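First up is the structure itself, then whatever we jot down about it.
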Amino acid sequence: MATVLTIEDNPSISMVIDLALSGEGHNVIVFNDSRKAYQNLIEGIKPDLILVDLKMPGMNGKELVEKLREDPQLKSIPVTIITGSITSEETLPPEGSYQALMQKPFDLQDLINTVDSLVA
C-alpha cells in the first residue's frame, strides 16, 4: 500500500489516523511538528501522500504546503489538509496546492476513502 506522512500536533488525532490507515495496510509516519517533518522530507522521506493539520505551532500547515510546492523534489506529493478551524483564503494554501480538505471531526471511512483515492 502507500506511505502516508501525517503531521498533526494533537497526539490523540494522530494516533487515530495512524490506527485507521495502518489497519488498511498503509505505512504511516507521524510527526507532531511541521518543521521536523519538512526537514525529514528534504532529507529523503518520500511519502505517497501528506496529511497536514492546518493550525500547528511553529510552521503552520499553510506555510508547509507553500514550501513543499516551491521544492522541485517535493511539489508533486499530494496533500490533504485536516483542520478543525473555519477556513478562509487567508488560512488556506493557494487553491490547487492541495488535493483535499477534511474538517475535524472527520469520519474515519471518509479519511480512508480520501487517502485511497489520492494514492491510487
task: Could you pull out the trypsin sites (Lys or Arg not before Pro) across the range 40-81 that fall in loop regions by DSSP (anything but H, G, I, E, B) with no more than 16 other Cβ atoms inside 10 Å?
output: 55, 75
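On a 1.4 Å probe surface of the protein chains, which of 17, 45 comes out largest in accessible area, and what is the full order? Each step should come with its number before you reach the end.
Details: 17 0, 45 40 Å².
Greatest to least solvent exposure: 45, 17.
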query: When only the heavy atoms of the protein chains count and the probe is 1.4 Å, how do 68, 92 rank by accessible area, highest first?
result: 92, 68
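Using 19 Å as the Cα-Cα cut-off, could you pick out the over-long pairs in 36/104; 46/104; 62/104; 55/104; 55/75? Could you put the intermediate results ahead of the total?
Values: 36/104 23 Å; 46/104 26 Å; 62/104 17 Å; 55/104 12 Å; 55/75 21 Å.
In this structure, 36/104; 46/104; 55/75 lie more than 19 Å apart at Cα.
Below 13 angstrom from the Cβ of residue 109, what's the summed charge of the other residues (Lys, Arg +1; Asp, Glu -1)?
Charge balance near residue 109 sits at -4.
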message: With every protein chain left in place and a probe of 1.4 Å, what is the accessible surface of residue 41, to the nearest 10 Å²?
response: 0
query: How about the range 42-118: which GluC sites (Glu not before Pro) there lie in a loop by DSSP and see at most 16 other Cβ atoms within 10 Å?
result: 43, 89, 90, 95
- prompt: If all Cα-Cα distances of the range 24-81 are sorted into 10 Å bins from 0 onward, what percent lands in each bin, rounded to whole numbers?
  reply: 22, 63, 15, 0
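About the Cα centre of the range 18-120, what is the dipole size in debye to 20, counting +1 per Lys and Arg Cβ and -1 per Asp and Glu Cβ, all else neutral?
240
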- line: In the chain, taking the dipole from +1 charges on Lys and Arg beta carbons and -1 charges on Asp and Glu beta carbons about the Cα centre, the listed residue (118, 64, 20) farthest towards the positive end is 64
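The values are calculated or read from the model by the stated rules, or taken from the named source; none is laboratory data. Not measured: the values here are computed from a predicted model. Positions of Cβ are generated from backbone atoms using ideal geometry, with glycine treated the same way; all protein chains shown enter the neighbour counts. Only protein heavy atoms, including side chains, enter the accessible area calculation; ligands, DNA and RNA are left aside. Shrake-Rupley method; radii C 1.70, N 1.55, O 1.52, S 1.80 Å.
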